[in-house]
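A.B. asks: Below is one structure. I have some questions about it.
The values are calculated or read from the model by the stated rules, or taken from the named source; none is laboratory data. This is a predicted model, so every value here is computed, not measured. Ideal geometry is used to build each Cβ from the backbone, glycine not excepted, and the neighbour counts take in all protein chains shown. When the accessible area is computed, the model is the full protein with side chains, heavy atoms only, and any ligands, DNA or RNA have been set aside. Shrake-Rupley method; radii C 1.70, N 1.55, O 1.52, S 1.80 Å.
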Amino acid sequence: PGVQYLRKLILAKNKDGFGIKDIKIAATVFFRTHFILLKSYVQQEEYARMPTLILEFEQGLEKYGEYIPVGRKIPMYHNVAMALFKQKKYFEAEKWLLKIIGLRPSKEINVEVQTFSKVLRVVIYYEEGEYTLIDNTLNSNIKFLEKQRPKINPPELIDCAKFLIRQIRKAAFLEKKEKIKTFEHIHQTIQQKWKHLPLSEFKAWLLEQIHK
């Protein structure tokens with residue numbers, strides 16, 4: 001009921017900035033309400049509602065973007081990307097991941113999310129059959145990850161990300177049976193060494209590859 005009320009409120013008030021004259025406050029309200037809705041739709045797997053919500057968010061970025069700190073935008077970018085990724089809309093998901101990956105380092109940037117976005121982009125290359133891109137971007141991805149190491153908490157996230165990127169590259173050029181063995185190896189290694197890391201979306205994708 002709370003979510004439905006919020007949805008009605010947004011539809012009624014979105015056009016006039018929720019009736020708030022201060023654009024900075026209106027921007028904050030817009031992003032917070034849409035963030036709540038996005039999380040709710042993803043949790044309840046109400047993906048049919050996502051296109052409208054994402055369109056509203058894109059329009060909100062044009063109107064309010066300059067008034068919202070980067071640190072607040074990143075969770076929304078990430079959640080939109082994850083929602084699209086779960087629906088296997090990989091090309092659209094990549095667009096939102098690039099908004100995170102392309103950000104310059106600053107105190108506002110969540111380097112953990114930025115690092116994981118790199119891994120997911122490699123997964124998208126794999127799903128789209130862009131194996132050459134995986135190969136060509138390997139060295140630059142590894143260099144990027146190493147630069148992030150001093151800022152990362154927990155630091156083992158870098159070792160995990162490097163391992164995943166290298167193993168996905170390996171799997172890309174193998175026959176089906178060998179691909180499955182590689183993915184099983186990835187899964188076992190995660191369970192043994194990095195079970196505590198926030199990799200739920202990646203693990204779900206990994207299990208799909210193993211059971212294809």
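A.B. asks: Give the residues of segment 80-99 whose amide nitrogen is closer than 14 Å to a point set 7 Å from the Cα of Gln44 in the direction of its Cβ.
C.D. replies: Correct set: none at all.
A.B. asks: Something else about it: Write down the Å³ per residue value for the convex hull defined by the alpha carbon atoms of the chain.
C.D. replies: Convex hull of Cα atoms, per residue: 129 Å³.
A.B. asks: Let me ask you something else. Sorted by accessible area with a 1.4 angstrom probe, largest first, how do Phe183, Phe163 fall?
C.D. replies: Sorted descending by solvent-accessible area, the residues read Phe163, Phe183.
A.B. asks: I want the local charge near His211. Using Cβ-Cβ distances under 13 Å, sum +1 for each Lys or Arg and -1 for each Asp or Glu among the other residues.
C.D. replies: Around His211, the surrounding residues sum to +2.
A.B. asks: Rounded, prolate or oblate for segment 125-212? Axes are the square roots of the Cα gyration tensor eigenvalues, ordered a ≥ b ≥ c, and the cut-off for rounded is a/c under 1.5.
C.D. replies: Oblate, because a/c is 1.5 or more while a/b does not exceed b/c.
A.B. asks: Can you work out the Karplus-derived ³J(HN,Hα) for every residue in segment 197-210? Use 6.51 cos²θ - 1.76 cosθ + 1.60 with θ = phi - 60°, whole Hz, and x for glycine or proline.
C.D. replies: 7, x, 10, 4, 5, 5, 4, 4, 5, 4, 5, 4, 5, 5
A.B. asks: Would you check the accessible area of Val111, probe 1.4 Å, heavy atoms only, in square angstrom rounded to 10?
C.D. replies: 20
A.B. asks: Let me ask something else about it. Using the Cα centre of the chain as the reference point, and only Cβ charges (+1 on K/R, -1 on D/E), how large is the resulting charge dipole? Debye, rounded to the nearest 20.
C.D. replies: 340
A.B. asks: Enter the accessible area per residue of segment 39-176 (Å², integer; probe 1.4 Å; all protein chains in place).
C.D. replies: 51
A.B. asks: A further question on this structure: Could you compute how much accessible surface Asp22 exposes when probed at 1.4 Å, giving the result in Å² to the nearest 10?
C.D. replies: 70
A.B. asks: Can you pull the percent of the chain's accessible area that's carbon plus sulfur, 1.4 Å probe, other chains left in place?
C.D. replies: Here it works out to 54 percent.
A.B. asks: Another question, if that's okay. What figure, in Å² to the nearest 10, do you get for the accessible area of Leu207 with a 1.4 Å probe and non-protein molecules left out?
C.D. replies: 70
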